[in-house]
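Below: one structure, written as structure tokens.
The values are calculated or read from the model by the stated rules, or taken from the named source; none is laboratory data. Worth saying up front: this structure is predicted, and the values here are computed from it rather than measured. Quick reminder, even Gly has a Cβ in these numbers, built from the backbone with ideal geometry, and neighbours come from all protein chains shown.
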Amino acid sequence: MGSPIVRLMLILAVSLLAQAAGQKTAAAAAGSGPSAVERALDRADYAAALRVAKSLPPSANTHVLAARAYMGQNDGAKALRELRAALRQNPKSLDALYYVSKLAGVLSQQQFLELAQIAPDSGRIHQLRGEAYEAQGNGADAEREYLAALERQPGTTSILIALGDVHRLQKHYDEALKWYGQVLDKNPSNYEAVYGTGVCYRYAKSPEDALPYFQKALKIDPASMAAKMALGESLVLTGKPAEALPYLETAAKADPNLRRLQFLLGRAYRETGREEDARRAFARVKELTKPGGDSDPLASEEQ
């Protein structure tokens, strides 16, 4: 039978193997991988999902799964912590980035509801309502809420800008200029007011009037793609296509699917004798034109 020590070692080995087999059988029955977490999330069993997710080796995916479970439990702080951990492991995780965006919306809504309970008639609440109406394309109600916000918080720059934007998007350019002007009187280097004023001048007056505002906007924010595109357009429309090209080409690299931008590039290429580049740009315009869409990409504000 061998020595007592050998027999003891055999007994321990058999015991450990049996224990491991039992654990494996239990895990298989309950499910212990990411798919098990998904199944628990699907049936809204967030506690079970969290238990399984926490038992798995840490990875971007398991952190996202844990975050989803916490979101189901309405624990935004812990969900955000898990998503941050996921992004530390994989900064390009599409799932983590998606749920960060989704969670931000949920947390924002929760904060809005809390604020509405504390101060239902505050300027901030009216401003948030105005932003919601503006996002829905309801300019009239947005303006009403912004005016109510301004009455409670006179001179607030963000509200003045919002009123300018609402009127600009409704093509009430003279009215928009009044609101932007109030901001510029206080701060001549406010990017949003400078850029908004440039857009109003572009459509209410002329590209020549808009040009210095877009130049100033780009000086204030050299990374602004909107300012580069607007400046490039104004230079094309004022007969300076060679000056426009660097701005338009940079903007096109950032957003190659903007029809207006491809049209401007085509014009600038054609007017500088680059016929092959112009042909490619105009072909791209045709690809991006929706059936029944406006034939003139410069007919309305698209930036």
Please identify the pairs in which a residue from the stretch 139-154 that is more than 24 Å from Tyr173 (Cβ to Cβ) has its Cβ atom under 6 Å from the Cβ atom of a residue that is exposed (fewer than 15 other Cβ atoms within 10 Å of the Cβ), counting only partners at least 6 apart or on another chain.
-> none
Within the stretch 175-273, helices (runs of 4 or more DSSP H) holding 3 or more residues that are under 30 Å from Thr156 (Cβ atoms) = 191-204, 207-220, 225-237
Within the stretch 150-160, is there a residue that is surrounded by 15 or more Cβ atoms within 10 Å (Cβ to Cβ), within 24 Å of the chain's Cα centre (by Cα) and farther than 26 Å from Leu231 by Cβ?
-> yes
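Has the stretch 193-209 got at least one residue that is in contact with a helix residue (DSSP H, G or I) (Cβ under 7 Å, 6 or more places away or on another chain), among the polar types (S, T, N, Q) and more than 18 Å from Tyr173 (Cα to Cα)?
Residues of the stretch 193-209 that are in contact with a helix residue (DSSP H, G or I) (Cβ under 7 Å, 6 or more places away or on another chain), as a first pass: 193-204, 207, 209.
Next cut, among the polar types (S, T, N, Q) only: 197.
Pick out the ones that are also more than 18 Å from Tyr173 (Cα to Cα) and you get none.
No, the stretch 193-209 contains no residue that is in contact with a helix residue (DSSP H, G or I) (Cβ under 7 Å, 6 or more places away or on another chain), among the polar types (S, T, N, Q) and more than 18 Å from Tyr173 (Cα to Cα).
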So is Asp174 farther than 30 Å from Gly239 by Cβ and charged (D, E, K, R) or not?
-> no
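Name the residue, out of Ala60, Ala40, that is buried (at least 17 other Cβ atoms within 10 Å of the Cβ) and either in contact with a Ser or Thr (Cβ under 7 Å, 6 or more places away or on another chain) or acidic (Asp, Glu) (or both).
Working: Ala40 fails: either in contact with a Ser or Thr (Cβ under 7 Å, 6 or more places away or on another chain) or acidic (Asp, Glu) (or both).
Unique residue meeting the criteria: Ala60.
Could you say which residue among Glu82, Glu143 is out of contact with any Leu (no Cβ under 8 Å at 6 or more places or on another chain) and either within 21 Å of Leu163 (Cβ to Cβ) or in the same structural domain as Val37 (by TED's automatic domain parsing) (or both)? Before the answer, list the steps.
Working: Glu143 fails: out of contact with any Leu (no Cβ under 8 Å at 6 or more places or on another chain).
So the residue among Glu82, Glu143 that is out of contact with any Leu (no Cβ under 8 Å at 6 or more places or on another chain) and either within 21 Å of Leu163 (Cβ to Cβ) or in the same structural domain as Val37 (by TED's automatic domain parsing) (or both) is Glu82.
A quick yes/no check of all residues on (1) over 23 Å from Ser108 (Cα atoms); (2) in a helix (DSSP H, G or I); (3) modelled with pLDDT of 55 or more; (4) not hydroxyl-bearing (Ser, Thr, Tyr):
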site: Gly2; (1), (2), (3), (4): yes, no, no, yes
site: Ile11; (1), (2), (3), (4): yes, yes, no, yes
site: Gly22; (1), (2), (3), (4): yes, yes, no, yes
site: Val52; (1), (2), (3), (4): yes, yes, yes, yes
site: Pro57; (1), (2), (3), (4): yes, no, yes, yes
site: Ala69; (1), (2), (3), (4): no, yes, yes, yes
site: Asn74; (1), (2), (3), (4): no, no, yes, yes
Single residue of the stretch 227-267 satisfying the filter (crowded, with 16+ Cβ neighbours inside 10 Å and of a type in the set (Ser, Thr, Tyr)) that is nearest to Tyr213 (Cα to Cα) | Ser234
Determine whether Leu87 is buried (at least 18 other Cβ atoms within 10 Å of the Cβ) and under 30 Å from His63 (Cβ atoms).
-> no
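Looking at Val236, Val199, Val194, Val183, which one is over 24 Å from Leu163 (Cβ atoms) and at pLDDT 95 or above?
Working: Val199 fails: over 24 Å from Leu163 (Cβ atoms); Val194 fails: over 24 Å from Leu163 (Cβ atoms); Val183 fails: over 24 Å from Leu163 (Cβ atoms).
One residue alone meets the criteria, Val236.
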